[in-house]
């Protein structure tokens, strides 16, 4: 029988507290979240070696700063995503490159279903062009909510905004895309 969310968070918090006292206890957290964080970074860089390098930096920083982590009722991964998000931004600033996003057809269809009125299903190319008109912070909300299927509460934790603010901003972005389509 699967564990409920509360139990999972409690067990994870216990693991984090152990890791704060003895870093060797960080390994299960690393194993649990490595692939998830790597995929998050890869979809934002499109480059395997760069994604591996940034993922390594994220976990190094997480180990170095584990004593500063305070559980706020979110999965530990939310904290790791915040670190990853900052490292990705730093990478693009340092390289003076444009942000990219690699999305699967399934992820793209999640967004397309939200934007279209079910009468206009031939919208793919236009939607890609519309996505290119969005600001970086708008794209990030779309990525987290529609491509990665994260709940608003977790998106809010990752981007450092209130849940209601994330809901409103995401709704406005979708309305903007609907209007332009």
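The values are calculated or read from the model by the stated rules, or taken from the named source; none is laboratory data. Here the structure is a predicted model, which is why all the values come from computation and not from measurement. Note: ideal-geometry Cβ built from the backbone for every residue, glycine included; neighbour counts use all protein chains shown.
Quick look at the numbers
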| read-out | value |
| --- | --- |
| Residue in the stretch 51-59 that is in contact (Cβ under 8 Å) with a residue 40 or more places away in the chain and either out of contact with any strand residue (DSSP E or B) (no Cβ under 9 Å at 6 or more places or on another chain) or in the same structural domain as residue 81 (by TED's automatic domain parsing) (or both) present | no |
| Whichever residue in the stretch 140-157 is in a helix (DSSP H, G or I) and surrounded by fewer than 19 Cβ atoms within 10 Å (Cβ to Cβ) and, among such residues, is modelled with the lowest pLDDT | 153 |
| Boolean, residue 61 is surrounded by fewer than 15 Cβ atoms within 10 Å (Cβ to Cβ) and either within 22 Å of residue 29 (Cα to Cα) or modelled with pLDDT under 90 (or both) | no |
| Which listed residue is more than 20 Å from residue 142 (Cα to Cα) and either in a loop (DSSP other than H, G, I, E, B) or not assigned by TED's automatic domain parsing to the domain that holds residue 154 (or both), from 63, 41, 103 | 63 |
| Residue pairs meeting the criteria (Cβ under 7 Å; at least 6 apart or on separate chains; first at negative phi and in contact (Cβ under 8 Å) with a residue 40 or more places away in the chain, in the stretch 161-178; second surrounded by fewer than 12 Cβ atoms within 10 Å (Cβ to Cβ) and outside any helix (DSSP H, G or I)) | none |
| Of all residues in the stretch 158-181 being over 14 Å from the mean Cα position of the chain (by Cα) and not in a helix (DSSP H, G or I), the one that is surrounded by the most Cβ atoms within 10 Å (Cβ to Cβ) | 181 |
